[in-house]
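Scroll down for the structure; my scribbles are underneath it.
Derivation of every value follows stated rules applied to the coordinates shown; laboratory data play no part. It should be emphasised that the depicted structure is a prediction, and the values quoted were computed from it without experimental measurement. We place every Cβ from the backbone using ideal geometry, glycine too, and count neighbours over all the protein chains shown.
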Amino acid sequence: MPTNKPAYVIDIGISESDRKAIADGLSRVLADSYTLYLKTHNYHWNVKGPMFNTLHLMFEQQYSELALAVDQVAERIRALGHPAPGSYASYARLTAIPEEEGVPAAEDMIANLLAGHETVARTAREAFPVADQGGDEPTADLLTQRMEVHEKTAWMLRSMLDD
């Protein structure tokens, strides 16, 4: 039996077209972040070699941080009135991070995660102007925080590879 519930219009001072464009950018950040989360968790489970303990613990810290981040990004998309992507198929379509097959050597894991963190930083940086132009300070702040985390993590991973 149909009900005559009123439609609640989002009136937060950001136009629908801007909210859609911002949500689209955030969806790419979410897809990259989730793909990187999955890759990092895979490496946590499968790392081996002389740096096992160090990398196992570091990867756990990184995937735990990413798990919180994907929730924040998805919830921001929802606050803007759009559905957050939540399937492997949608992430595969939206991400710029290649899927991992097999188990690389520990040093390759570090290099792959370095590339992944730099990718998420670039994706967030690409989404930033849309949020800024749309007057969406909460999203701009979220993107700034994500860039900072990914750039710092990339620096730390890069430092493990440099002699």
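Listing for the model above:
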{"item": "Calculated on alpha-carbon atoms, Rg and Dmax of the range 16-161 in Å", "result": "15.4, 53"}
{"item": "Mean Cα-pair separation over length for the chain, i.e. relative contact order, pairs under 8 Å, 6 or more apart, %", "result": "31"}
{"item": "Cα gyration tensor shape of the range 84-142, rounded if a/c is under 1.5, else prolate or oblate by comparing a/b with b/c", "result": "oblate"}
{"item": "Computed over the range 1-71, the ratio Rg/Rh where both radii use C-alpha atoms and Rh is Kirkwood", "result": "1.30"}
{"item": "Phi to ³J(HN,Hα) by Karplus 6.51 cos²θ - 1.76 cosθ + 1.60 over the range 30-40, Hz, x for Gly, Pro", "result": "4, 4, 4, 5, 5, 5, 5, 4, 4, 5, 5"}
{"item": "Radius 11 Å from Cβ of Y37, net charge of other residues (Lys, Arg +1; Asp, Glu -1)", "result": "-2"}
